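The values are calculated or read from the model by the stated rules, or taken from the named source; none is laboratory data. Not measured: the values here are computed from a predicted model. Backbone-built Cβ (ideal geometry, glycine too); neighbour counts: all protein chains shown.
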Amino acid sequence: MENHKPKTLKELQALRKPVRNANIERRQKFSLLDKLALWITKHVGTMGFFFIIFLWTGGWLGWNSLGPKEGRFDPYPAFVFWLFISNMIQIFLMPLIMIGQNLQSNHAETRAEADFEVNTKAEREIETILMHLENQNKIIMEILEKLEKK
């Protein structure tokens with residue numbers, strides 16, 4: 001360890017930046033569209049959404065295969081309208097999910113930066129404490145040596 005004077009408590013406090021909450025910082029920067037993309041990303045990846053799509057698809061195919069012939073609006077075997085709507089859902093969801101994932105990734109980076117700042121601050125303070133302890137040990141050893149000489 002280097003042999004320099006440890007920082008005082010006042011010096012450490014002067015170096016201290018206020019602790020920031022990365023979650024609040026990021027949320028404040030989100031636009032309405034960002035919030036919408038995050039909401040969609042969060043909810044599309046759930047079993048509830050899966051069951052909604054599954055039941056919607058099953059109902060659509062069931063009605064158009066087994067329903068009364070005059071009531072079928074997308075009859076078997078083509079299901080063209082169902083394919084069109086399914087593709088449109090995929091086309092719209094894919095970029096929204098990617099936007100949401102990018103926002104979540106940016107948020108993770110901000111949290112990592114905040115964690116790094118806290119860790120750096122803790123490391124600096126721990127190093128100072130260790131240097132103080134080292135100095136105290138040195139002083140105690142000097143006192144003991146003087147006592148032993150007497």
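Name the pairs: first residue in region 60-72 and over 15 Å from Leu83 (Cβ atoms), second residue in a loop (DSSP other than H, G, I, E, B) and charged (D, E, K, R), Cβ to Cβ under 8 Å, at least 6 apart or on different chains?
Partner pairs satisfying both residue conditions: Trp63/Arg72.
Do we have Leu38 as over 30 Å from Glu123 (Cα atoms), in contact (Cβ under 8 Å) with a residue 24 or more places away in the chain and in contact with a Gly (Cβ under 7 Å, 6 or more places away or on another chain) here?
Values: over 30 Å from Glu123 (Cα atoms): yes; in contact (Cβ under 8 Å) with a residue 24 or more places away in the chain: yes; in contact with a Gly (Cβ under 7 Å, 6 or more places away or on another chain): yes.
Against the criterion (over 30 Å from Glu123 (Cα atoms), in contact (Cβ under 8 Å) with a residue 24 or more places away in the chain and in contact with a Gly (Cβ under 7 Å, 6 or more places away or on another chain)), Leu38 qualifies.
Testing Gly62 on (1) under 30 Å from Asn119 (Cα atoms); (2) in a helix (DSSP H, G or I), one condition comes back false. Which one is that?
Failed condition: (1).
Within region 94-102, is there a residue that is touching a residue at least 12 places away in the same chain (Cβ under 8 Å), surrounded by fewer than 13 Cβ atoms within 10 Å (Cβ to Cβ) and part of a helix (DSSP H, G or I)?
No, the conditions are met nowhere in region 94-102.
Only residues that are among the β-branched types (Val, Ile, Thr), under 19 Å from Thr46 (Cβ atoms) and out of contact with any Ser or Thr (no Cβ under 8 Å at 6 or more places or on another chain): list them for region 69-111, please. Walk me through it before giving the result.
Applying the first criterion (among the β-branched types (Val, Ile, Thr)) to region 69-111 yields 80, 85, 89, 91, 97, 99, 110.
Cutting the leftovers down to under 19 Å from Thr46 (Cβ atoms) gives us 89, 97, 99.
Scanning region 69-111 gives a single hit, Ile89.
How many of the residues in region 26-48 are surrounded by 14 or more Cβ atoms within 10 Å (Cβ to Cβ) and assigned to a helix (DSSP H, G or I)? Explain how you work it out, then say what you get.
Let us first name the residues in region 26-48 that are surrounded by 14 or more Cβ atoms within 10 Å (Cβ to Cβ), namely 26, 30, 34, 36-38, 40-41, 44.
Those still in the list that are assigned to a helix (DSSP H, G or I) too: 26, 34, 36-38, 40-41, 44.
So the count comes out to 8.
Please work out which residue is farthest from Lys35 (Cα to Cα), limiting yourself to region 97-119 and to residues that are modelled with pLDDT under 85 and polar (S, T, N, Q).
Out of the qualifying residues, it is Thr110.
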